[in-house]
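The structure appears right after this line, and notes come after that.
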Amino acid sequence: MGKRTALYDLHLQSKAKIIDFGGWDMPLHYGSQVNEHHQIRQHTGIFDVSHMTIIDLRGEQVSPFLRYLLANDIAKLKQSGKALYSCMLNHQGGIIDDLIVYYISPQWFRLVVNASTREKDLAWIQQQASPYTLTVTERPELAMLAIQGSQVRQHITSLFPNNTDTIIALGKFFAHIEGDYFIARTGYTGEEGFEVICSAEQAKSLWHTALQSDIKPCGLGARDTLRLEAGMNLYGSDMDENTLPWESALGWTVALQDQNRDFIGKTALLAAKEKGISQRLVGLVLLDKGVLRNHQKVFTSSGEGEITSGSFSPTLAYSIAFARIPAGNEQHCEVEIRNRRLRAKIISPPFVRNGAACIDITT
């Protein structure tokens with residue numbers, strides 16, 4: 001038996017199919033992964049993401065510490081509630097994890113990191129923080145819900161009737177603290193949405209209110225196809241400790257503007273860039289009949305690669321993937337599926353934006 005979130009019994013009541021995910025018993029779907037995918041693209045759904053790890057950093061030296069710990073630069077965060085996406089690197093430039101960091105005050109930042117990397121993330125952060133004056137506090141007592149979908153704004157009134165205007169007015173990647181609720185305009189689906197951090201009891205109440213308001217429960221299966229369509233990486237599949245941000249389509253998260261700022265992995269990243277990056281992460285669209293899956297071989301004129309994330313796209317009704325391939329300018333490749341090489345087009349993600357295709361798949 002794995003770890004269980006505070007909403008586990010509610011998932012069973014909704015007849016969820018439970019699977020192991022990073023040591024947690026989590027809902028894969030509540031009857032139909034495809035229907036839940038369309039629910040987000042066309043309406044609104046709610047996800048239990050309480051398996052994510054929430055870490056509060058407090059103290060006089062939090063800002064200089066995070067400027068050293070993260071590849072992106074938290075000096076960009078000027079307003080309370082502003083968030084930043086970043087990679088946390090090892091000294092070789094490999095990606096230990098990707099995360100979101102929220103600036104609440106000069107002496108208080110909040111991190112949300114992945115569930116599967118919890119132990120190594122906490123150990124790494126605590127090790128690197130030892131020379132600094134600050135505290136590192138995990139918040140396992142808190143729950144986290146993601147309310148996502150093209151019509152999510154229409155449902156905010158029923159969920160937060162007392163502060164609807166403030167929440168709707170939030171800019172992208174901003175959070176608002178309302179009593180015991182931490183409400184952020186963030187998500188992992190490519191649609192409008194909010195992520196809410198609160199107590200376990202508050203999360204249960206919010207879950208009940210959502211279902212009564214015709215917001216459907218959605219599982220990790222739909223979350224995965226939604227993030228793939230939206231061009232969002234998954235840690236452990238599309239990047240890990242052996243890949244650099246340059247090789248994972250995450251170069252935009254490396255802040256090098258302040259030449260005086262040192263951060264973990266910087267020296268290795270600059271050396272790799274000087275030498276030349278040999279691999280790149282791209283999007284693929286299958287032109288022949290079949291389904292793209294993780295670890296299938298990819299063949300380009302520059303050499304071989306591999307699919308890191310692949311699936312059938314419910315929104316587009318054809319197969320899409322991320323693949324790490326040799327650096328080059330090819331626009332087409334072949335993918336080996338059941339001992340056959342099928343044609344695919346190489347594109348730059350995302351595949352879907354605002355519920356509609358944003359790529360040209362003509363050959």
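How many of the residues in the range 58-75 are out of contact with any Cys (no Cβ under 9 Å at 6 or more places or on another chain) and assigned to a strand (DSSP E or B)?
Going through the range 58-75, the residues out of contact with any Cys (no Cβ under 9 Å at 6 or more places or on another chain) turn out to be 58-69, 73-75.
Filter once more, so that each one left must be assigned to a strand (DSSP E or B): 58.
The number of residues fulfilling the criteria is 1.
Among the residues of the range 174-199, how many are polar (S, T, N, Q) and surrounded by fewer than 23 Cβ atoms within 10 Å (Cβ to Cβ)?
2
Sort out which residues of the range 168-179 are closer than 17 Å to I104 by Cβ and not in a strand (DSSP E or B), and write them in order of number.
Just the residues of the range 168-179 that are closer than 17 Å to I104 by Cβ, to begin with: 170-171, 173-179.
Listed by number, the residues that qualify are L170, G171, F173, G179.
Being part of a strand (DSSP E or B), assigned by TED's automatic domain parsing to the domain that holds A115 and over 20 Å from G190 (Cβ atoms) is the requirement here; does I18 meet it? Step through it out loud before you land on a result.
Numbers: part of a strand (DSSP E or B): yes; assigned by TED's automatic domain parsing to the domain that holds A115: yes; over 20 Å from G190 (Cβ atoms): yes.
Yes, satisfied.
Name the residues in the range 128-161 that are in a helix (DSSP H, G or I), under 22 Å from L84 (Cβ atoms) and polar (S, T, N, Q), would you?
Q128
When only residues in the range 94-125 that are surrounded by 20 or more Cβ atoms within 10 Å (Cβ to Cβ) and among the aromatic types (F, W, Y) count, which is nearest to L57 (Cα to Cα)?
Checked the range 94-125; the qualifying residue nearest to L57 (Cα to Cα) is F109.
Can you go through Q128, Q202, Q154 and tell me which one is surrounded by fewer than 19 Cβ atoms within 10 Å (Cβ to Cβ) and closer than 27 Å to T315 by Cβ?
Q154
Here is a list: A323, A255, A268, A272. Which entry is in contact with a helix residue (DSSP H, G or I) (Cβ under 9 Å, 6 or more places away or on another chain), surrounded by 14 or more Cβ atoms within 10 Å (Cβ to Cβ), within 25 Å of G94 (Cβ to Cβ) and not assigned by TED's automatic domain parsing to the domain that holds N72?
Testing whether each residue is in contact with a helix residue (DSSP H, G or I) (Cβ under 9 Å, 6 or more places away or on another chain), surrounded by 14 or more Cβ atoms within 10 Å (Cβ to Cβ), within 25 Å of G94 (Cβ to Cβ) and not assigned by TED's automatic domain parsing to the domain that holds N72 leaves just A272.
From the list L234, L244, L228, L250, exactly one residue is in contact with an Asp or Glu (Cβ under 8 Å, 6 or more places away or on another chain), in the same structural domain as H91 (by TED's automatic domain parsing) and buried (at least 21 other Cβ atoms within 10 Å of the Cβ). Which is it?
On inspection, the qualifying residue turns out to be L250.
If you scan the range 1-52, which residues turn out to be among the aliphatic types (A, V, I, L, M) and touching a residue at least 60 places away in the same chain (Cβ under 8 Å)?
Those that are among the aliphatic types (A, V, I, L, M) and touching a residue at least 60 places away in the same chain (Cβ under 8 Å): A6, L7, L10, A16, I19, M26, L28, V34, I40, I46, V49, M52.
Taking the stated definitions as given, is S86 touching a residue at least 12 places away in the same chain (Cβ under 8 Å), in a helix (DSSP H, G or I) and among the small types (G, A, S)?
It is false that S86 is touching a residue at least 12 places away in the same chain (Cβ under 8 Å), in a helix (DSSP H, G or I) and among the small types (G, A, S).
Across the range 266-287, what is the number of residues that are under 28 Å from G310 (Cβ atoms) and either in a loop (DSSP other than H, G, I, E, B) or of a type in the set (D, E, K, R) (or both)?
5
If E191 passes every condition in (1) in contact (Cβ under 8 Å) with a residue 12 or more places away in the chain; (2) in a helix (DSSP H, G or I); (3) of a type in the set (D, E, K, R) but one, which one does it miss?
(2)
Tally up the residues in the range 346-363 that are under 9 Å from A230 (Cα atoms) and among the small types (G, A, S), please.
The total comes to 0.
The values are calculated or read from the model by the stated rules, or taken from the named source; none is laboratory data. Here the structure is a predicted model, which is why all the values come from computation and not from measurement. Using ideal geometry, Cβ is built from the backbone for each residue, glycine included, and neighbour counts are taken over all protein chains shown.
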